[in-house]
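J.: Please see the structure below; I have some questions.
The values are calculated or read from the model by the stated rules, or taken from the named source; none is laboratory data. Bear in mind the structure is a predicted one, so any value in this text is a computation, not a measurement. Every residue, glycine among them, receives a Cβ derived from its backbone with ideal geometry; neighbour counts consider all protein chains shown. For the accessible areas, the whole protein counts, side chains as well, though only heavy atoms, and no ligand, DNA or RNA atoms are used. Shrake-Rupley method; radii C 1.70, N 1.55, O 1.52, S 1.80 Å.
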Amino acid sequence: MTEQEFAELQAGFDAFHTARARTSLVADLYAEAAGDLYPVEVAPNSSCDWPLLGAMVARLRLAPGQLLADVGCGTGGVGLWLARALAVRLVGVDISPVAVQLAITRSPAFVTDGQAAFRTGTLASTGLADQHVHGVVCVDALSCAPDRAAALHEMYRILAPGGRAIITRAARRDAHTLLTRHEEAAGFTVEHIVERAGEPAVWARLYRLWIAREADLRRELGDVQAERMLAEASRVLPRLAGRRAVVLTLRRPAVTTAAAGTLPEPA
């Protein structure tokens with residue numbers, strides 16, 4: 001990614017988060033589309049719901065005090081909720097300085113002082129040290145990565161041996177044989193794959209709400225952000241029948257004692 005491409009991408013996400021922070025309209029529409037599965041406190045701009053939060057708690061298998069990375073964290077709700085539920089430390093990484101500041105502001109509602117930190121970075125360049133974290137979550141952000149393979153290699157690099165990464169993303173219904181090729185090429189063992197069968201229908205309801213509430217979106221968010229949302233709805237809605245939503249649990253293989261001795265505790 002060139003410096004200009006990075007600046008344009010960052011500016012786009014800054015504008016996105018700035019506009020949505022001014023109003024509850026977008027969160028209200030997500031909640032209407034998802035019904036009682038929507039975790040209001042988390043307020044995600046993603047497919048995150050109560051079943052996904054529960055699955056992440058179970059599959060990360062983190063011990064209290066360990067370090068979790070939320071990569072592509074946005075305004076931090078998912079990582080902060082998990083940090084509180086699991087009694088772990090959190091580092092959130094997002095390309096948008098606006099999102100990072102919003103996440104910092106939200107932190108006291110979820111965790112104690114010093115339990116969470118947020119920083120700017122990209123999926124392919126988090127700025128974290130090698131083997132620095134015990135778990136990684138990446139909710140819907142991988143689809144925004146300019147280079148998916150580079151992003152997965154970065155998640156592998158920052159994850160301690162034996163640690164797990166949980167990634168959500170969409171896939172074509174005919175992509176079974178190639179579904180995890182990038183994850184395995186990065187070095188991960190694919191521990192678990194689950195399809196969220198009801199998720200495309202939630203997105204369909206959401207996109208229809210965006211279209212139906214165009215005037216409200218324009219009034220609350222401005223024409224530029226509203227038009228981007230409407231363009232996404234028009235582009236993706238017809239494709240949903242051929243897409244499936246999956247959650248991947250990936251593991252960085254543990255280092256054996258014979259091969260590596262004692263692994264230092266990540267900082």
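J.: Would you work out which of Leu52, Ala31, Phe6 lies farthest towards the positive end of the dipole of the chain? Charges go on Cβ: Lys and Arg +1, Asp and Glu -1.
T.: Leu52
J.: If the chain between Ala63 and Arg235 were fully stretched, how many nm would it gain, using 0.36 nm times the residue separation less the Cα-Cα distance? Walk me through the numbers on the way to the answer.
T.: Details: separation 172, 0.36 × 172 = 61.92 nm, distance 4.19 nm.
Roughly 57.7 nm would be gained on extension.
J.: Moving on. Step through the residues of the range 43-54 one at a time and calculate ³J(HN,Hα) from phi using the Karplus curve (6.51 cos²θ - 1.76 cosθ + 1.60, θ = phi - 60°), rounding each to whole Hz and writing x for Gly and Pro.
T.: After applying 6.51 cos²θ - 1.76 cosθ + 1.60, I find 6, x, 9, 7, 7, 4, 9, 4, x, 5, 4, x Hz.
J.: How large is the accessible surface per residue of the chain, computed with a 1.4 Å probe and reported in Å² as a whole number?
T.: Numbers: 12390 Å² over 267 residues.
The answer is 46 Å² per residue.
J.: Round to the nearest 10 and give me the degree value, 0 to 90, for the angle of helix 148-158's Cα axis relative to the longest principal axis of the chain.
T.: 40
J.: Right, here's the next one. Taking only C-alpha pairs under 8 Å that are 6+ residues apart, what is the relative contact order of the range 111-201 in percent? The partial results should precede the final answer.
T.: Values: 93 pairs, mean separation 25.7, N = 91.
Across the range 111-201, relative contact order equals 28 percent.
J.: When the solvent-accessible surface of protein heavy atoms is calculated with a 1.4 angstrom probe, in what order do Glu32, Glu183, Glu41 fall, highest first? Don't skip to the end; give the middle numbers.
T.: Numbers: Glu32 110, Glu183 0, Glu41 85 Å².
If we order Glu32, Glu183, Glu41 from most to least accessible, we get Glu32, Glu41, Glu183.
J.: Whenever you get a sec, line up Tyr156, Tyr30 from highest to lowest accessible area (probe 1.4 Å, protein heavy atoms). Don't jump to the answer; show the numbers that get you there.
T.: On the way: Tyr156 55, Tyr30 15 Å².
Accessible-area ranking of Tyr156, Tyr30, largest first: Tyr156, Tyr30.
J.: Moving on. For mean projected area of the Cα convex hull in nm², the listed values are (i) 16.1; (ii) 14.1; (iii) 20.3; which was obtained by calculation from the structure presented?
T.: (ii)
J.: Over the range 73-173, with every protein chain in place, what whole percent of the accessible area is carbon and sulfur at 1.4 Å, could you tell me?
T.: 54
J.: What's the angle, to the nearest 10 degrees (0 to 90), between helix 223-236's Cα axis and the longest principal axis of the chain?
T.: On a 0 to 90 degree scale, this one is about 70.
J.: Could you list the residues of the range 58-91 with an amide nitrogen less than 20 Å from a label point located 7 Å from the Cα of Thr120 in the Cα-to-C-beta direction?
T.: Only 70-77, 91 pass the distance filter.
J.: Now a separate question. Return the distance in nm (one decimal) between the two label points of a simple spin-label model at Val224 and Glu8, each offset 7 Å from Cα along Cα→Cβ.
T.: So the label points at Val224 and Glu8 sit 1.4 nm apart.
J.: In debye to the nearest 20, how big a dipole does the range 1-114 give about its Cα centre with +1 on each Lys and Arg Cβ and -1 on each Asp and Glu Cβ? It would help to have the intermediate numbers written out before the result.
T.: Working: 7 positive and 12 negative charges, 93 e Å.
I would put it at about 440 debye.
J.: Where in the chain lies the longest segment free of trypsin sites (Lys or Arg not before Pro) that are both loop residues by DSSP (not H, G, I, E, B) and have at most 14 other Cβ atoms within 10 Å?
T.: The longest uninterrupted stretch comes out as 23-172.
J.: Would you mind classifying the range 94-225 by shape? Square roots of the alpha carbon gyration tensor eigenvalues, ordered a ≥ b ≥ c; an a/c under 1.5 is rounded, otherwise it is prolate if a/b is larger than b/c and oblate if not.
T.: Numbers: a/c = 2.05, a/b = 1.18, b/c = 1.74.
Because a/c hits 1.5 or more and a/b fails to exceed b/c, the range 94-225 counts as oblate.
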